[in-house]
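So the structure is just underneath, and the comments pick up after that.
Since every read-out is calculated from the coordinates, none of them should be taken as a lab result. Bear in mind the structure is a predicted one, so any value in this text is a computation, not a measurement. Here Cβ is always computed from backbone atoms with ideal geometry, including for glycine, and neighbour counts include all displayed protein chains.
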Amino acid sequence: MAPKKVIAVIFGGRSVEHDVSILTGLQFLEALDPTLYEGLPIYVDGLGAWWTGDALKSRKNYPVRDHAASLEPVRLDLATPAHGRPRLIGRKKNLMGEKAISIEFDLIVPAIHGSNGEDGTLQGLLEFADIPFAGCRTLGAAATMNKEFAKAVARQHMLNVLPEVTIQRPKKGMFLEPETLTVALSENLGKDPFPLIVKPSNLGSSVGVSKATDMDALIASLMTVFRLDKSAIVEPFVDNLVEYNIAVRRAPSGSVETSAIERPLSESDVLDFKNKYLAGGTPGGPKLDSGPSEGMASLNRVLNPEELTAAQETVIRDTAIKVFEVLDLAGSVRIDFLCDSKTGELWFNEANTIPGSFAYFLWEAATSPVSFLALASAMVDEGFRLSAARLGTTDAASSGATIFNQG
């Protein structure tokens, strides 16, 4: 029998979505098929330090400050050993002082939401070090994290998106001028644009999203966003707003598949972080000890909502597949839509390359259900395949690019 593959799941991170990432990472570790894989947790704390240890596998041990003594500080070895297996390295204290440690693994599953994890930076590091990883490659991750860029690509492919204005954070010592904002809004959104939705250009999980009904509220919302991001997107508020989400993946057969559709339920007219992650609901899927939330799996939602017409469902599924393909995405990606419930018009909103809980609950409710165990295994297999296909030879001599004498 072949030895089990060691699958490292990295979560936490220097991101405002740090806590949600912990839930997603722990859920994926529990979903790994124990007959095929051994899970290795890698926790990145708020300062960027990397840790591993069995205590990280239990939700009850978070925050980890009371368990730090049982954890091992590690870092990623960027020089792959001669035998080709990536590893974590570090030093462990013992009675004799310290000793070097080396923990080998086979593939990393990024489960860090938002900044420094979902935006292509982690993926770029792993590609630089030639370390196999699951999910989107660097280009797809970076392209979808920037909402303005993703919408521009969608427009090029004739997909329906809302107009927007991008506002850059003022330079230090400068202020937002209402007159300048008024001109920008009128040129792009019309002379009477309020109410508006304001959100960070490069964050997910609806962090920093708010509604502005006048100029004062707009400036206040922008200042909130600028504490989180260097730029903000301002869009028209959709009347009679409902949101629909769907997950997309490339099946082992090679075809692109879509999941069940969900309509998240919100206590307000804006689905912000509080409504997404701290609302009640019936937890589903893997249990992570008791707690107030199971991540996206606990969100109040309607699955396969009956009010959607066949035409609307077709638009959602076809648009989601198109976005997945043109942005060269991979893994389990969630595509989000906005809808005017009275007119039925739909707009592509954003793509989440590392969605909360990897959107497993949408796959379990699909017409052809996919269990979290099967989804996790497929993501791991895809990660090995995509990583192996990325590079050709890197030997300078074989490409005729040698300048210096290699003798």
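Pick from Met215, Met379, Met145: which is most flexible by mean-square fluctuation in a GNM of the chain where alpha carbon atoms under 10 Å apart are linked?
Top of the fluctuation ranking is Met215.
Taking the chain as a Gaussian network, where each spring joins two C-alpha atoms under 10 Å apart, which residue of Ala260, Ala184, Ala212 fluctuates the most?
Between Ala260, Ala184, Ala212, it is Ala184 that shows the largest mean-square fluctuation.
With a 10 Å cut-off between alpha carbons and a GNM built on the chain, which of Val242, Val198, Val183 moves the most?
Per the Cα network of the chain with a 10 Å cutoff, Val183 tops the list.
Could you give me the ³J(HN,Hα) list for region 221-229, computed from phi with Karplus coefficients 6.51, -1.76, 1.60 and θ = phi - 60°, whole Hz, x at Gly and Pro?
Once rounded to whole Hz, the list reads 5, 5, 5, 5, 4, 5, 7, 10, 8.
Check Ile261: other-chain or 5+ apart residues with amide H under 5 Å from its amide H, H built from backbone geometry?
The answer is Asn304.
Name the residues whose placed amide hydrogens come within less than 5 Å of the amide hydrogen of Glu350, ignoring near sequence neighbours (fewer than 5 apart) on the same chain.
Amide H neighbours of Glu350, under 5 Å, 5+ apart: Asp336.
Round to the nearest 10 and give me the degree value, 0 to 90, for the angle of helix 18-31's Cα axis relative to the longest principal axis of the chain.
With both axes taken from Cα atoms, the answer is about 60 degrees.
Would you mind ranking His113, His18, His157 by Cβ crowding within 10 Å, fewest neighbours first?
Values: His113 33, His18 19, His157 13.
Sorted ascending by nearby Cβ count, the order is His157, His18, His113.
At a threshold of 8 angstrom on Cα-Cα distance, excluding pairs fewer than six apart, so keeping six or more, what relative contact order does the chain reach in percent?
17
Could you work out the relative contact order of region 165-236? I mean the mean sequence separation of Cα pairs under 8 Å and 6+ apart, divided by the number of residues, in percent.
Answer for region 165-236 is 41 percent.
Work from the charge dipole of region 5-135 (Cβ charges, +1 for Lys and Arg, -1 for Asp and Glu, about the Cα centre) and give the residue of Leu125, Tyr37, Gly48 farthest towards its positive end.
Gly48
Is region 1-118 rounded, prolate or oblate when judged by the Cα gyration tensor, a ≥ b ≥ c being the square roots of its eigenvalues, rounded requiring a/c under 1.5 and prolate requiring a/b larger than b/c?
rounded
With a ≥ b ≥ c taken as the square roots of the eigenvalues of the C-alpha gyration tensor of region 165-236, please select rounded if a/c is under 1.5 and otherwise prolate if a/b is larger than b/c or oblate if it is not?
Note, shape of region 165-236 comes out oblate.
For region 5-135, what's the relative contact order in percent, using C-alpha pairs closer than 8 Å and at least 6 residues apart?
Reported relative contact order: 28 percent.
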